[in-house]
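The values are calculated or read from the model by the stated rules, or taken from the named source; none is laboratory data. Keep in mind that what you see is a predicted model, and the values were worked out from it rather than measured. All Cβ positions, even for glycine, are placed from backbone atoms using ideal geometry, and neighbour counts span all protein chains on display. Quick note on the areas: whole protein, heavy atoms, side chains included, nothing else; ligands and nucleic acids left out. Shrake-Rupley method; radii C 1.70, N 1.55, O 1.52, S 1.80 Å.
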Amino acid sequence: MNTPTTTALRRRRLGALARAELLLLGRNRSAVLIALLVPLSLPITVRPAFGQLDLKGKGLNTGTLMLTAAIGFSFLFAVYTSLVSAYVARREELVLKRLRTGELADAEILAGTALPAVCLGLAQALVLTVGCAVLLHAGVPAAPYLTVLGLLTGLLISAALAALTSAFTRTTESAQVTALPVVFVSMLGSGIAVPADALPDRVARAGELLPLSPAVRLVRAGWTGELSTAQALTTTLTALAWTAVAVFAVRRWFRWEPRR
Amino acid sequence: MDDEHVIEVTDLRRVYGGGFEAVRGITFSVARGEIFALLGTNGAGKTSTVELLEGLAPPDGGRVRVLGHDPYRARAAVRPRTGVMLQEGGFPSELTVGETARMWAGCTTGARPTAESLGLVGLGGRTDVRVKQLSGGERRRLDLALALAGRPEVLFLDEPTTGLDAEGRRATWELVRELRDAGTAVLLTTHYLEEAEDLADRLAILHQGRVATAGTPAEVTAGRPARISFDLPDGYFLGDLPPLGVLGVCGHEAEGRAVRLRTREPQRTAHGVLTWAERTGVELGRLEVRSASLEEAFLGIAKEAAA
């Protein structure tokens, strides 16, 4: 099936859908504002809190923490919340149903819709990385491949979580509420707004089980080199397991048409 | 599949979550170069049937073949050769007409240039207008343009002219006829009986999930009574006419001065009515004699089902 022609066709279809979705994203001012400003501004608001932590003892500095926070915010705001609204809006306007009458496969529809937001998240992460490295002296990453792996799984899991959340969301207005649990729990428990080191042991361990935790941990560890090979491997496996679970859940529960 | 029949439906069934049986054993086929219309009241099962043919859902019983394939399971094989217009189209309201058409063309194998697609439905001058600013009729035409983008061999049109003005409706009929003449198989559903009568080569009237009657429009209306209608002048009543039985009338309605007679022998009845009018010196207003139409067949089926 994977002849060059079908691959080329697939790429063309994804491109066409993603381009339309990018235009839509650009025309949705509040979505752009949240997606761009929140990840860029929130780390600055949490900075004072980081200043009170005992960082030196753990080989951390404000730069690496801010960087991790910023990338986590990109996952949550540039990708997750903006995509929950996008999926719900397309479903309620019957766009998803209409697309399914065409040649696009289901996975292509979901991916094409997500592509602009995911690229935005990625671009933001890159800007933040460079920014933090230069301005906050976060230094150079010790194991860049871990950061890259964390970024990719984090973006994918965020998109899949958005698709899943949309299944339980009736309108774009209610999306602002249904997206909150994942945002809050991840900010607190996945080491984004609060570093796992600052949490009580038990809470930190429970937090490790959250979907975005392994991705965030990989991003940070790539910078600090704090994980042993064995730890890095388990974290990677957990990240991949969450990716698989999320993809399965989307296939099982995603809603293509409005409830009637 | 025999070469002729590109849509084959056998004993099709669809049951919804709550146990409601929307489609209860429907069988028909559509050939290349044929327009087939599904008629029926709301809830008769038209859209439920069409969605199964479009491959949006699997049937709960029976079999669907489109171009020889199962449209639900063999999506990749069927979709490049079919065009679909849903009853309610879905396009992002913030995109322009041109952007929507380009997006769709990019997702369609061998798509026409977007200007050509939009030109077919007369939307060539509306390229830069946002979808949300289109009228209901324009939105239907945009939907049709996209259904035609891939030069489909099989075209599904679910109520294609709902919301169109008379001129738009005529233009759409003309377009659908041209496609049929070029060999496209067209399956359409409609509320408008004159649309089916004018356009369809064959049709089926659905009632409560079953085919109540099917055939060419002539076959379906054959055996249905013709209709004679007129207004009586002031002071005259239905009872002033000769006995209706003698005139060959098999049914009648009178609303004030407006009279409607149904008859299987329109010539005899008309002759009787006109002779009476002539003799009594009465002028009949709005006199009309119509041979059996789909409307008669349609109402007859609803009435028979209710009885």
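Laid out as a table, the results:
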| quantity | calculated |
| --- | --- |
| Between segment B:15-32 and segment A:211-256, the Cα center-to-center distance that results, in Å | 45 Å |
| Separation between Cα centres of segment B:229-268 and segment B:127-149, rounded to whole Å | 47 Å |
| Length-normalised contact order of chain B in % [C-alpha pairs under 8 Å, at least 6 apart] | 19 percent |
| Chain B - Kirkwood radius from inverse mean 1/r over Cα pairs (Å) | 21.6 Å |
| Apportionment of accessible area to carbon and sulfur, the protein assembly as shown, percent (1.4 Å) | 58 percent |
| Residues residue A:148 and residue B:15, FRET efficiency given R0 of 56 Å [Cβ-Cβ distance, rounded to 0.05] | 0.70 |
| Solvent accessible area, Å² - residue B:10, 1.4 Å probe, full protein context | 70 Å² |
| Rule-of-thumb Rg ratio for segment B:142-264 [Cα; 2.2 N^0.38 Å; N residues] | 1.47 |
| Volume per residue that the Cα convex hull of segment A:212-260 spans, once the total is divided by residue count, Å³ | 70 Å³ |
| When the convex hull of its Cα atoms is projected in every direction, mean area for chain A (nm²) | 14.8 nm² |
| Ranked order, B:271, B:69 - accessible area, probe 1.4 Å, largest first | B:271, B:69 |
| Crossing angle, helix B:266-280 versus chain B [Cα axis fit, 0-90 degrees, rounded to tens] | 40 degrees |
| Area accessible to solvent at residue A:253, 1.4 Å probe radius, in Å² | 130 Å² |
| Projected label distance in nm at residue B:257 and residue A:234, using a 7 Å step from Cα toward the beta-carbon | 9.6 nm |
| Residue order for A:197, B:198, B:234 - accessible surface, 1.4 angstrom probe, largest first | B:234, B:198, A:197 |
| By accessible area with a 1.4 Å probe, ligands and nucleic acids excluded, highest first: order of B:135, A:186 | B:135, A:186 |
| Segment A:142-192: Cα Rg divided by the 2.2 N^0.38 Å rule of thumb | 1.38 |
| Accessible area buried at the A-B interface, both sides summed, 1.4 Å probe (Å², nearest 100) | 2500 Å² |
| Helix B:97-106 axis, angle to chain B major axis (alpha carbon atoms, nearest 10°) | 60 degrees |
| Peptide-level mean, for A:90-101, of C-beta atoms on other protein chains within 10 Å | 6 |
| Quotient of C-alpha Rg and 2.2 N^0.38 Å, computed over the protein assembly as shown | 1.30 |
| 1.4 Å probe accessible area per residue over chain B, in Å² | 44 Å² |
| Estimated FRET transfer efficiency when R0 is 35 angstrom, pair residue B:275-residue B:216 (beta carbons, to 0.05) | 0.50 |
| Rounded FRET efficiency, nearest 0.05, which uses the C-beta distance separating residue B:238 from residue B:87 and R0 of 45 Å | 0.60 |
| Lysine pairs within the protein assembly as shown, Cα separation less than 30 Å, 8 or more sequence positions apart or different chains | 4 |
| Residue A:241-residue B:178 pseudo-label distance in nm [points 7 Å out on the Cα-to-Cβ vector] | 6.1 nm |
| Nitroxide proxy distance, nm - points 7 Å out along Cα→Cβ at residue A:203 and residue A:41 | 2.7 nm |
| Average beta-carbon neighbours from other chains, 10 Å sphere, peptide B:84-90 | 5 |
| Residue B:103 accessible area, assembled protein chains, probe 1.4 Å, Å² | 10 Å² |
| On Cα atoms only, tilt of A:82-92 relative to the major axis of chain A in degrees | 20 degrees |
| Gyration tensor over alpha-carbon atoms, segment B:108-174, equivalent ellipsoid semi-axes in Å | 18, 16, 10 |
